[in-house]
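Data first, discussion second: the structure below is written as structure tokens.
The values are calculated or read from the model by the stated rules, or taken from the named source; none is laboratory data. Because the structure is predicted, anything quoted here is derived from the model rather than measured. Neighbour counts are summed over all protein chains in view; Cβ atoms, including those assigned to glycine, are modelled from backbone coordinates with ideal geometry.
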Amino acid sequence: MLENENLVQGRTGKWEVVIGLEVHAQVNSKAKLFSGSSTDFGSDPNTQVSFLDAGMPGMLPVINKVCVDQAIKTGLGFHGHINEISIFDRKNYFYADLPAGYQISQFHYPIVTGGYIDIEVDGKPTKRIAITRLHIEQDAGKSIHDLHPEFSYIDLNRAGMALMEIVSEPEMRSPAEATAYVKKLRSLLRYLGTCDGNMEQGSLRVDANISLRRLGEPLGTRAEIKNVNSIRFLGQALDYEIYRQLEILEDGGAVIQETRLFDPVKGETRSMRGKENAHDYRYFPDPDLKPLVVTQERIEAIRTTMTELPDAKRNRFQVDYGLSDYDATVLVAEKEIADYYETVIKAAKSQDVKQAAKLCANWLISEVFAAMNRESLLIHQLPFQAHHLAELIDLIIDGTISGKIAKDVFAKMWTTAKSPTELVADLGLQQISDTSVIEAVIDQVLAENPDKVTDYKAGKVQLFGFFVGLVMKVMKGKANPGLVNDILKNKL
Amino acid sequence: MTDLTRLTLTEARKALDKKDFSAVDLTNAFLKRMEDKRDLNVYITETPEQALQQAKLSDQRLSKGQGGLLEGLPLGIKDLFCTKGIRTTSGSKMLENFVPPYESTVSANLLNAGGVFLGKTNMDEFAMGSANITSFFGPSISPWKSKKDPQKKLVPGGSSGGSAAAVSARLAMAATASDTGGSIRQPAAFCGLVGIKPTYGLCSRWGMVAFASSLDQAGPLTHTVADAALMLQVMAGYDEKDATCLSGEVPAYFDKLNANVKGLKVGIAQEYIENLNEEGQALLQKGIDWLTQAGAVMCDISLKTTPYALPTYYVLAPAEASSNLARFDGVRYSSRVDGKTLDDLYEKTRRTCFGEEVRRRILMGTYVLSAGYYDAYYLKAQKVRQLIAADFDQAFQKVDVLLTPTTPGAAFGVDERPSDPITMYLNDIYTVPVNMAGLPAISVPAGVNDEGLPLGLQLIGPALSEQLLLNAATVIEQAANFRQYRQL
């Protein structure tokens, strides 16, 4: 029943969308997969190229163990099976940015098989997406066709960098599930430190296979959308592709198995090459490399280096801090944010941990995130220190300032290096909780508005807010709002 | 002074220590002879200046008593070993102007031991051939002459034909070679030399232009078994830059060399005798007699997979080659024929700069790896390869070494080359199984045919049995006294 929510309605009936993803994640490693060349992003073209990377005669690949460890760690991260023996194959094709004329990859025997990722879409129950495999392969160089009208330029800095290709089963049923899968996988990779997940720089690229079928029928013919480099574009490309395939199928036509490219400017996918032009990659085991053997000891040693992963952290946040599923999910999506969140909680002095944690979550998700978006800052670039945010939360909890005043203090924290306590003192923002002071102001306000008091007593209860507003205005917003409410109710 | 080019490595090395002559004298003697014998076309690139420079440095080291194992000894280097700053063509128009910015591990080992490089020797294009007639730089000619037809130009064998002709014609004291299916042993047999193909992984392949990576092995071509031991000792060794290289210390083959084969069990495989002609049978019988007289024991054995080795080889080697040679695309360092599009450039470059035999093997290799044919050809061939290796394993449970002829016959004329490729491929029928199993084997000159042309015997051993093979080869060498047949 659940899946029916995702069905697409056409003129002739409903269609089920079937999506499987291949994610290419660049391995976090100082050196390339088979050469000692550096992997720094943004270096001058062709400055990080060894003789091997350039496909010079007689050069031989030697596996970089760090890259293998990272692949193992990633496999463990999605509960995959690490194969003790895997084999590097050559994938043969000619292109100017592929110097050797083949890419070293793993075809028949990948290093990781099986595994899964749990995704959440719009508060629906968790859905488990099975992962088919993860294999290690070399990246190609970069062809640049738009610098010169007649020439193409080749940059081999990327040639030979290590990629993990993570292939899912075709178990996603909507673009929303597909984007949730990529977000979750990206989060996992960043937690593990095995890929920086930077999609703009091409560290994470997605190939999407998508087809439509009538519910209960075998899989339809799929199209593959290649090299999508943003999660937003992935959603748009899949939306377009569903519409395109639906039109074809509803008209009684047949979808052609082909590779398509997404054009973000026009918002459409275009045919890149059909099946008849499909490469025959002539995979065979690379005779320059022995089978890759990883021992159980090595796998277990890597397992011990794993940090808490998003799902576990989310559960802990809910149990330890009493956070809602939504808040916990938002806070754990990025490890840096989750870490920052816990730093703030630990610095807070409030006795009620859950109260502080909940307040801190609200503040991060609303005020801090909004300010970060506005200023285009990342969490580690905030202009104030984490313990100052903790102090602000303490000031709210102990009643020194109201939540409203806290927003003013927060704004000042962006522009000065002062602590919230100092700011409150400097600006005289302490909350007034002296009942005699509040009572005096209330008496004055009521005395000045006898007609409104009469109206209120006659049943116009919505005027209560009007009186609160006047009291706050007189007290410059510093009155303890709880006390104002209580006393006002009594007086009226 | 005696003709210095007649010396063996070991003789010359001793003489240099005794200061009978200098390394420069020795190098000059070879350089002079190289000028006189250019008609044999054994060198693609001669490097006289570098050679003399190296010889001078050798003399300095020798005078300080710091000479290496090969100090001052003039060598030829097969033109598929990349040599830093020296053109390396692999016998192809494709690399006609390629000057590597790096030194292969094997040639670096030789340089570190004091070797002097006279030049880069001719070879079949990308090591694909058995007669050195596929070289873009023209065929190398053997110095040997048929008694029946002295005018006939004979092939030196291949693919290391230039190296074999160079050593045989005394244009190098020894030379490097490489063996993918017989390319060291067959030219050794054709030119009356010793050639050893070591266990796969004994010598680093780093910096060798690849033909078929799982089969390629470097090895030496020399006048004597002792010279082969000395060269191999220097060439071999673990190299972290080659993932298929064997770890472990290289034994001191030369120091440990002896002719003791008492009790050695020598297998004679019936599959290697069946189609042997009379002169081949007679030669093998001589080998059997010599080894028996020296105390070895002969055993008849069977290697049932032998007939499958050659067809299997001609699936696997071209498959690997088709991929290994993909990098020669005209885009970076290789020769280029410009085209309108990238595909056009590829097609024109590769059609123009690869020779016929290379193109044939790339096509075969591409075919056997293609979708729909992979299982029937490549995968099946891989399985047969395992059976061949298992067959040898089983044989070495019973015997220590195998004795076989190296080739079906002696050298043929350059103009007598077979018109069909298959007949040419049959030259390697006794040598190919060894590569399939990654085993070591040595060819040692054992006699001549009725035309006075050299014939070789091959000894095959289990992995890392090089010392055993060199020792057994010494017995044959001493008994055969091959020097008596030399024509030069």
Open item on the list: If A:Phe107 satisfies all but one of (1) among the hydrophobic types (A, V, I, L, M, F, W, C); (2) surrounded by fewer than 19 Cβ atoms within 10 Å (Cβ to Cβ); (3) more than 12 Å from chain B (Cβ to nearest Cβ), what's the number of the condition it fails?
Closed with: (3)
Open item on the list: Taking the criterion of being without any contact (Cβ under 8 Å) to a residue 24 or more places away in the chain and in contact with a Leu (Cβ under 9 Å, 6 or more places away or on another chain), would at least one residue in the stretch B:306-326 satisfy it?
Closed with: yes
Task: Test for A:Phe384: is it crowded, with 16+ Cβ neighbours inside 10 Å, over 24 Å from A:Tyr191 (Cβ atoms) and hydrophobic (A, V, I, L, M, F, W, C) - done: yes
Task: Residue under evaluation B:Leu303, criteria (1) part of a loop (DSSP other than H, G, I, E, B); (2) at the interface with chain A (Cβ under 9 Å from one of its Cβ atoms); (3) buried (at least 20 other Cβ atoms within 10 Å of the Cβ), criterion not met - done: (2)
Task: Among the candidates B:Ala218, B:Ala229, residue that is aliphatic (A, V, I, L, M) and within 14 Å of another protein chain (Cβ to nearest Cβ) - done: B:Ala218
- [ ] Confirm whether A:Leu323 is in a loop (DSSP other than H, G, I, E, B) and not assigned by TED's automatic domain parsing to the domain that holds A:Leu219.
- [x] yes
Task: Among (1) more than 14 Å from chain A (Cβ to nearest Cβ); (2) in a loop (DSSP other than H, G, I, E, B), the one test that B:Arg61 misses - done: (2)
TODO: Could you grab me the full set of residues in the stretch B:167-195 that are under 12 Å from B:Leu75 (Cα atoms) and assigned to a helix (DSSP H, G or I)?
DONE: B:Val167
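For the stretch B:243-284, which positions are among the charged types (D, E, K, R) and touching a residue at least 60 places away in the same chain (Cβ under 8 Å)? Even if it seems obvious, please write down each step before you answer.
Pass one, the stretch B:243-284, residues among the charged types (D, E, K, R): B:249, B:255-256, B:262, B:265, B:271, B:274, B:278-279.
Result: B:Lys256, B:Lys265, B:Glu279.
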Task: the stretch B:285-297, residues that are in contact (Cβ under 8 Å) with a residue 60 or more places away in the chain and either touching a strand residue (DSSP E or B) at 6+ places or on another chain (Cβ under 6 Å) or within 14 Å of another protein chain (Cβ to nearest Cβ) (or both) - done: B:Gly287, B:Ile288, B:Leu291, B:Ala296
TODO: Sort out which residues of the stretch A:434-474 are under 27 Å from A:Ala406 (Cα atoms), surrounded by 17 or more Cβ atoms within 10 Å (Cβ to Cβ) and touching a residue at least 40 places away in the same chain (Cβ under 8 Å), and write them in order of number.
DONE: A:Ile438, A:Ile442
- [ ] Collect the residues in the stretch B:103-132 that are out of contact with any strand residue (DSSP E or B) (no Cβ under 9 Å at 6 or more places or on another chain) and assigned to a loop (DSSP other than H, G, I, E, B), keeping them in residue-number order.
- [x] B:Ala113, B:Gly114, B:Asp124, B:Met128, B:Gly129, B:Ser130, B:Ala131, B:Asn132
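Residues checked against (1) touching a residue at least 24 places away in the same chain (Cβ under 8 Å); (2) farther than 26 Å from A:Phe94 by Cβ; (3) exposed (fewer than 15 other Cβ atoms within 10 Å of the Cβ):
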position	(1), (2), (3)
A:Gly13	yes, yes, yes
A:Glu16	yes, yes, no
A:His24	yes, no, no
A:Val27	yes, no, no
A:Asn46	yes, no, no
A:Phe51	no, no, no
A:Gly58	no, no, no
A:Ile63	yes, no, no
A:Ala71	yes, yes, no
Open item on the list: Conditions first: (1) within 32 Å of the chain's Cα centre (by Cα); (2) of a type in the set (Phe, Trp, Tyr); (3) within 14 Å of chain B (Cβ to nearest Cβ). A:Phe94 passes all but one, so which condition is the exception?
Closed with: (1)
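Find the residue count for the stretch A:59-90, including only residues that are polar (S, T, N, Q) and within 14 Å of chain B (Cβ to nearest Cβ).
We begin by selecting, within the stretch A:59-90, every residue polar (S, T, N, Q); these are A:64, A:70, A:74, A:83, A:86.
Of the ones still in play, those that are also within 14 Å of chain B (Cβ to nearest Cβ) are A:64.
Residues flagged as polar (S, T, N, Q) and within 14 Å of chain B (Cβ to nearest Cβ) within the stretch A:59-90 amount to 1.
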Task: Search result, residues across the stretch B:92-118 that are β-branched (Val, Ile, Thr) and surrounded by fewer than 20 Cβ atoms within 10 Å (Cβ to Cβ) - done: B:Val99
Open item on the list: Looking only at residues that are away from every other protein chain (no Cβ under 13 Å) and surrounded by fewer than 24 Cβ atoms within 10 Å (Cβ to Cβ) in the stretch B:67-91, which one is nearest to B:Val358 (Cα to Cα)?
Closed with: B:Ile86
TODO: For the stretch A:231-259, enumerate the residues that are in contact with a strand residue (DSSP E or B) (Cβ under 9 Å, 6 or more places away or on another chain) and assigned to a loop (DSSP other than H, G, I, E, B).
DONE: A:Val255, A:Ile256, A:Gln257
Task: In the stretch B:306-328, the residues that are facing another protein chain (nearest Cβ under 10 Å) and out of contact with any strand residue (DSSP E or B) (no Cβ under 7 Å at 6 or more places or on another chain) - done: B:Leu316, B:Glu320, B:Ser322, B:Asn324, B:Leu325, B:Arg327, B:Phe328
- [ ] Quick one: which residue in A:Asp288, A:Asp251 is over 30 Å from A:Gly197 (Cβ atoms) and within 14 Å of another protein chain (Cβ to nearest Cβ)?
- [x] A:Asp288
Open item on the list: Residues that are over 27 Å from the mean Cα position of the chain (by Cα) and either in a helix (DSSP H, G or I) or over 30 Å from B:Ala381 (Cβ atoms) (or both): does the stretch B:312-331 have at least one?
Closed with: yes
Open item on the list: Based on this model, can you work out whether B:Phe30 counts as touching a residue at least 12 places away in the same chain (Cβ under 8 Å), outside any strand (DSSP E or B) and buried (at least 21 other Cβ atoms within 10 Å of the Cβ)?
Closed with: yes
Task: Checklist (1) out of contact with any helix residue (DSSP H, G or I) (no Cβ under 9 Å at 6 or more places or on another chain); (2) within 28 Å of A:Leu289 (Cβ to Cβ); (3) among the acidic types (Asp, Glu) applied to A:Asp69, failing item - done: (1)
Task: Tabulated pairs, the stretch A:190-218, first among the aromatic types (Phe, Trp, Tyr), second outside any loop (DSSP other than H, G, I, E, B), C-beta under 9 angstrom, 6+ apart or interchain - done: A:Tyr191/A:Gly77; A:Tyr191/A:Pro310; A:Tyr191/A:Lys313; A:Tyr191/A:Val332; A:Tyr191/A:Lys335; A:Tyr191/A:Ala338
Open item on the list: For the stretch B:329-373: of the residues being aliphatic (A, V, I, L, M) and within 12 Å of chain A (Cβ to nearest Cβ), which is surrounded by the most Cβ atoms within 10 Å (Cβ to Cβ)?
Closed with: B:Leu369
Open item on the list: Condition first: crowded, with 17+ Cβ neighbours inside 10 Å, part of a loop (DSSP other than H, G, I, E, B) and within 15 Å of the chain's Cα centre (by Cα). Can you find one or more residues in the stretch B:441-449 that meet it?
Closed with: no
TODO: Can you tell me which residue within the stretch B:395-421, out of those that are within 26 Å of B:Pro143 (Cα to Cα) and of a type in the set (A, V, I, L, M, F, W, C), is surrounded by the most Cβ atoms within 10 Å (Cβ to Cβ)?
DONE: B:Ala411
